[in-house]
1. So is residue 75 at pLDDT 75 or above, part of a strand (DSSP E or B), of a type outside the set (Ser, Thr, Tyr) and farther than 24 Å from residue 28 by Cα or not?
2. For residue 41, indicate whether it is within 14 Å of residue 151 (Cα to Cα), touching a strand residue (DSSP E or B) at 6+ places or on another chain (Cβ under 6 Å) and surrounded by 13 or more Cβ atoms within 10 Å (Cβ to Cβ).
3. State yes or no: is residue 72 within 14 Å of residue 142 (Cβ to Cβ) and acidic (Asp, Glu)?
4. Would you call residue 33 modelled with pLDDT of 90 or more and either touching an Asp or Glu at 6+ places or on another chain (Cβ under 6 Å) or crowded, with 20+ Cβ neighbours inside 10 Å (or both)?
5. Looking at 19, 46, which is the one that is assigned to a helix (DSSP H, G or I), in contact (Cβ under 8 Å) with a residue 24 or more places away in the chain and farther than 23 Å from residue 144 by Cβ?
6. Being at positive phi and open to solvent by less than 60 Å² (accessible area, probe 1.4 Å), is that true of even one residue in the range 83-94?
7. Step by step: first the residues of the range 136-166, then only those that are more than 12 Å from the chain's Cα centre (by Cα) and outside any loop (DSSP other than H, G, I, E, B), then the one that is modelled with the lowest pLDDT. Which residue is that?
Amino acid sequence: LELRDIDLSIQIHDSLDLQRTLSEGKDIVFENNIPAETIVQVDLLQIRELFNNLISNAVKYSQEDEVKITIDAKEMDDFIVISVKDTGMGLDSDQIPHVFEEFYKADYSRHDLQSTGLGLSICKRIVEKHGGRIWVESQGKGKGSTFFFTLKPYKRTSGEENINTN
């Protein structure tokens, strides 16, 4: 990993801008609730891939009406917990334990030939390489899903003045 100190809010903003461009013509509301200057130490390329995978999945599996994707973060214990919540198709309780397995596709996406079924397993590897964990919660089909993952917050050492947030 090539760790850098980054502002999580800026990275989410950039990922959402990319998804807005890729989703032109779709009526999607993106909401970035990550506080400015939420600093984490991550590999920038990998964290971009993580966000792009999670957000593009949320877009892909959202229902046509009222599509809303909300990104939140809060500090808990020694981690920052980030969530990507969608108004999508949701998951049954029997699907949840399998979503991070390689090549696993939920029933309604098994016939999507453009999807390899590797996106969420890649997300899991990225989060674990950064010392965090990832999980999903859903109230069932038609009720959306929320993907959560943890990252370690940046800890300023004494005598340090500024950090690079780009």
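1. So residue 75 fits the description; yes.
2. For residue 41, the condition - within 14 Å of residue 151 (Cα to Cα), touching a strand residue (DSSP E or B) at 6+ places or on another chain (Cβ under 6 Å) and surrounded by 13 or more Cβ atoms within 10 Å (Cβ to Cβ) - is met.
3. no
4. yes
5. The conditions single out 46.
6. Taking every residue of the range 83-94 in turn, at least one turns out to be at positive phi and open to solvent by less than 60 Å² (accessible area, probe 1.4 Å).
7. Here the answer is 153.
Yes/no matrix, rows are residues, columns are (1) modelled with pLDDT of 90 or more; (2) more than 18 Å from residue 149 (Cα to Cα); (3) open to solvent by less than 40 Å² (accessible area, probe 1.4 Å):
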site: 98; (1), (2), (3): no, no, no
site: 105; (1), (2), (3): no, yes, yes
site: 113; (1), (2), (3): no, yes, no
site: 117; (1), (2), (3): no, yes, yes
site: 123; (1), (2), (3): yes, no, yes
site: 128; (1), (2), (3): yes, no, no
site: 134; (1), (2), (3): yes, no, yes
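The values are calculated or read from the model by the stated rules, or taken from the named source; none is laboratory data. On a predicted model such as this, the values are computed, not experimentally measured, just so you know. Reconstructed Cβ throughout: ideal geometry from the backbone, glycine too, with neighbour counts over all protein chains shown. These accessible areas exclude ligands, DNA and RNA; they are computed on the full protein's heavy atoms, side chains included. Shrake-Rupley method; radii C 1.70, N 1.55, O 1.52, S 1.80 Å.
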